[in-house]
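Here is the structure we will look at.
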């Protein structure tokens with residue numbers, strides 16, 4: 001990652017739960033705490049009644065990542081103190097992971113599964129069984145990542161190299177009212193590195209370089225980071241990363257075609273502090289990724305993100321704690337046909353030939369604006385943190401088909417979502433009450449049709465600390481939440497049309513009358529923190545929650561519409577249900593429709609323990625989900641992943657210069673029941689599997705570090721449940737993979 005050395009760290013495991021806690025002396029503590037001047041301990045916050053105090057350096061050995069101040073809260077809370085299911089990954093945990101793609105970053109985070117099919121360098125995030133079309137809001141340095149493409153497999157995905165990351169935060173469920181419309185599944189906030197994360201306090205400049213090799217796929221990664229501090233009020237950081245990977249082998253030793261890629265990524269960010277109480281960050285993030293899709297297409301995706309983030313506070317951060325984010329994200333995907341392709345005309349359904357060299361383009365530009373302020377005050381002995389603001393996001397979709405004309409499967413159009421909110425966190429001794437209200441508005445426009453709607457969504461959370469100042473149990477908090485979320489239909493869900501392009505011919509039907517999804521979540525949870533339990537300096541952090549999320553008007557693709565019973569489904573008499581040149585014609589139609597309801601419930605747990613000489617963690621995710629249509633037919637929600645549990649154990653030796661450990665993750669089997677194209681219920685099975693990973697890191701001195709990792713040590717041959725549910729052919733994940741990397745750093 002371009003950083004040498006390590007500090008306190010925690011890795012929370014993927015859809016289950018993982019824990020890594022680490023400490024390290026030296027300048028790395030500055031990096032782990034994301035800049036001493038920008039972090040403070042949870043204890044300091046508690047003493048201040050939740051109000052930030054004067055910033056002071058934090059001893060990394062005394063905190064875990066669950067104690068870190070999160071951006072997600074927007075009011076200066078740490079993850080362990082939030083009455084919500086929040087997880088963070090950063091610092092050494094990211095370095096230890098040696099992530100090849102963004103998918104690796106989310107390993108072991110409870111309730112979170114990252115899906116990446118053969119397009120390995122792009123990632124779709126699933127939170128509590130919800131994904132695609134904005135159900136999970138992914139935000140990078142304040143910029144919404146809304147790119148989507150209609151296809152089998154991942155529909156919404158983002159491009160961000162993990163080498164650029166400083167921290168990732170996830171909030172699960174529709175409780176993040178302050179983060180914009182649509183996030184009924186949750187929010188993922190990703191922060192790239194600042195110069196203050198990379199430079200030592202006494203340094204003016206620094207340069208670091210990492211070289212890494214992976215055995216499976218013969219993959220090479222080079223990453224170089226440089227930073228310069230002109231003055232205390234002005235600094236800059238830059239990073240570029242190049243990866244070159246061939247196709248990997250699965251657990252049975254078979255080469256998985258189309259999984260190789262090469263990607264060039266980079267970032268440039270400057271921080272300007274006009275006054276002691278203000279800060280402006282201006283940044284650019286770019287990526288150019290290329291891969292071949294099963295021998296059919298050459299793919300090239302280019303993404304550029306420009307961000308501006310401004311913060312202004314009064315002297316005591318009481319009435320003025322203002323934040324303004326402005327961003328523009330442009331993503332361009334070109335798919336070039338490598339050979340002549342037989343397809344179906346989207347209008348007539350007749351076979352057509354698309355010549356090799358034809359290009360299908362997908363362009364999406366997202367403009368986002370976000371502003372909020374927090375005022376802190378007291379009334380009648382009650383402490384208030386009143387947050388209020390608004391946001392505005394516009395997606396412009398412009399696509400073109402390789403066969404000529406617009407790309408009807410991912411339609412052109414404009415989507416506008418906006419909203420305003422107010423949230424008050426009230427604290428009185430052992431009682432906390434958080435109430436919020438959000439107003440959402442959306443509008444979809446295209447050459448074909450338009451749609452719009454609006455709604456008010458409330459949230460109320462009540463938390464109790466029943467044993468305040470009573471020894472060990474004084475760190476226990478229990479809470480309950482009722483929250484609603486609102487997601488508007490996307491342009492694709494509303495306006496998709498034309499014939500299925502290849503293999504099987506059947507029409508897609510637009511549905512301009514789609515109703516927005518409304519999610520209602522009930523959550524009961526607990527937070528627990530304790531220090532100096534069994535020996536001086538150790539720390540235990542626990543978060544657990546049960547949730548039930550009911551989604552009214554859940555939008556799903558109905559592929560069993562019959563022209564015999566539904567007059568909106570056309571029948572093509574010239575295309576009988578037999579083999580035709582290029583594929584089969586099936587007398588059925590597909591349309592995105594509202595189900596009566598979708599329901600997801602589950603349990604999540606994450607626990608972290610650190611005793612400085614060792615660290616351990618456990619995460620658990622248990623979840624189930626189904627939909628019920630207007631006819632009362634119950635189907636499995638195939639986006640709800642199977643149960644998962646992840647454990648981590650590690651040891652520090654040689655004055656913390658050597659760290660060794662391992663991870664064990666069990667993924668349960670699952671049976672899914674769905675309607676087939678004939679309208680009959682059928683089920684399919686996804687088998688269970690276990691992953692064993694090992695890691696080691698040795699810091700020779702403050703300027704040189706070596707990292708080693710083995711993923712899938714037992715060479716399990718397995719398929720992701722999300723890929724099994726959405727792809728037309730099996731895609732097995734990598735078999736045993738060894739990674740070795742070295743990082744060299746200079747500064748002065």
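Output the strands (runs of 3 or more DSSP E) that fall wholly within segment 101-180 and possess 1 or more residues being farther than 28 Å from residue 622 by Cβ, or say none.
By residue number, 136-140, 165-172.
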Given the conditions (1) part of a loop (DSSP other than H, G, I, E, B); (2) closer than 30 Å to residue 402 by Cβ, which single one is not true for residue 494? (1)
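Right, residue 700: surrounded by fewer than 20 Cβ atoms within 10 Å (Cβ to Cβ), within 23 Å of the chain's Cα centre (by Cα) and not in a loop (DSSP other than H, G, I, E, B) or not?
Against the criterion (surrounded by fewer than 20 Cβ atoms within 10 Å (Cβ to Cβ), within 23 Å of the chain's Cα centre (by Cα) and not in a loop (DSSP other than H, G, I, E, B)), residue 700 does not qualify.
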Here is a list of conditions, (1) within 30 Å of residue 517 (Cβ to Cβ); (2) under 30 Å from the mean Cα position of the chain (by Cα), and residue 375 meets all of them except one; can you say which number that is? (1)
For segment 514-539, which positions are under 30 Å from residue 567 (Cβ atoms), outside any strand (DSSP E or B) and either out of contact with any helix residue (DSSP H, G or I) (no Cβ under 9 Å at 6 or more places or on another chain) or without any contact (Cβ under 8 Å) to a residue 60 or more places away in the chain (or both)? 515, 516
Which condition from (1) in contact (Cβ under 8 Å) with a residue 60 or more places away in the chain; (2) assigned to a loop (DSSP other than H, G, I, E, B); (3) closer than 30 Å to residue 191 by Cβ is the one that residue 346 breaks? (3)
Conditions (1) surrounded by 17 or more Cβ atoms within 10 Å (Cβ to Cβ); (2) within 21 Å of residue 66 (Cα to Cα): number failed by residue 636: (2)
Scanning for something surrounded by 20 or more Cβ atoms within 10 Å (Cβ to Cβ), in a loop (DSSP other than H, G, I, E, B) and more than 25 Å from the chain's Cα centre (by Cα), does segment 656-665 turn up at least one residue? yes
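For (1) surrounded by fewer than 17 Cβ atoms within 10 Å (Cβ to Cβ); (2) part of a strand (DSSP E or B); (3) over 28 Å from the mean Cα position of the chain (by Cα), each residue gets a yes or a no:
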site: 353; (1), (2), (3): yes, yes, yes
site: 357; (1), (2), (3): yes, no, yes
site: 367; (1), (2), (3): no, yes, no
site: 384; (1), (2), (3): yes, yes, yes
site: 393; (1), (2), (3): no, yes, no
site: 407; (1), (2), (3): no, no, no
site: 410; (1), (2), (3): no, no, no
site: 418; (1), (2), (3): no, yes, no
Tell me, which residue of segment 240-261 that is over 23 Å from residue 712 (Cα atoms) and in contact (Cβ under 8 Å) with a residue 24 or more places away in the chain is surrounded by the fewest Cβ atoms within 10 Å (Cβ to Cβ)? 240
Touching a residue at least 24 places away in the same chain (Cβ under 8 Å) and assigned to a strand (DSSP E or B): is that true of residue 209 in this structure? yes
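Values quoted throughout were computed directly from the atomic coordinates according to the rules given, and no laboratory measurement underlies them. Everything quoted here is computed from the prediction, not taken from an experiment. Cβ coordinates were reconstructed from backbone atoms using ideal geometry, including for glycine residues, and neighbour counts include every protein chain displayed.
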